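A quick write-up on the structure given underneath.
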Amino acid sequence: IDITRVTVICTLCGHTYHESMKSHEVLAFTQSLVGKACPKCGNQTLEVAEEKDLIEELAELAEATGSKVEIISPETEEGQMLLKSFGGIAAILKYRAEQR
């Protein structure tokens, strides 16, 4: 999955937000920040603070919550089905149901 998660920060007020995009779009996105106003303070001081592969970020989030991550290769039949059906990312969420 060729998706990069970009963290944008306003160097004046510290406001941050995230954008997800294909890796080849990051350079154009970075250039588009020049002259763009911060949504919080309105100043034109936005810059890319971090670029991270989406799979890496999701794995870090899973690790922080004690979740298990499994990578399924798109070279397998199961991986092809996952890619076609869910865009390559899926999760099985488990939680304890409340007793009433």
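The values are calculated or read from the model by the stated rules, or taken from the named source; none is laboratory data. Everything numeric in this text was worked out from a predicted model, so none of it was measured. Using ideal geometry, Cβ is built from the backbone for each residue, glycine included, and neighbour counts are taken over all protein chains shown.
Just to be sure before I move on: is Leu54 farther than 24 Å from Leu82 by Cβ and within 19 Å of the chain's Cα centre (by Cα) in the structure I sent?
The answer is no for Leu54.
Kindly provide the set of residues from segment 1-46 that are assigned to a helix (DSSP H, G or I) and either surrounded by fewer than 13 Cβ atoms within 10 Å (Cβ to Cβ) or not aliphatic (A, V, I, L, M) (or both), ordered by number.
Ser23, His24, Glu25, Leu27, Ala28, Phe29, Thr30, Gln31, Ser32
Of all residues in segment 60-88, how many are of a type in the set (A, V, I, L, M), surrounded by 10 or more Cβ atoms within 10 Å (Cβ to Cβ) and either in contact with a strand residue (DSSP E or B) (Cβ under 9 Å, 6 or more places away or on another chain) or outside any loop (DSSP other than H, G, I, E, B) (or both)?
Selection size over segment 60-88: 5.
Given the criteria over 9 Å from the mean Cα position of the chain (by Cα) and among the polar types (S, T, N, Q), does Thr11 qualify?
So Thr11 fits the description; yes.
Provide a single number: the residues in segment 47-59 that are in a helix (DSSP H, G or I) and surrounded by 13 or more Cβ atoms within 10 Å (Cβ to Cβ).
Of the residues in segment 47-59, 5 are in a helix (DSSP H, G or I) and surrounded by 13 or more Cβ atoms within 10 Å (Cβ to Cβ).
Can you list residue pairs whose Cβ atoms sit under 6 Å apart, with the first residue in segment 55-72 being within 20 Å of His18 (Cβ to Cβ) and the second being at pLDDT 90 or above and of a type in the set (Lys, Arg)? Count only pairs 6 or more apart in sequence or on different chains.
These pairs meet every condition: Glu57/Arg5.
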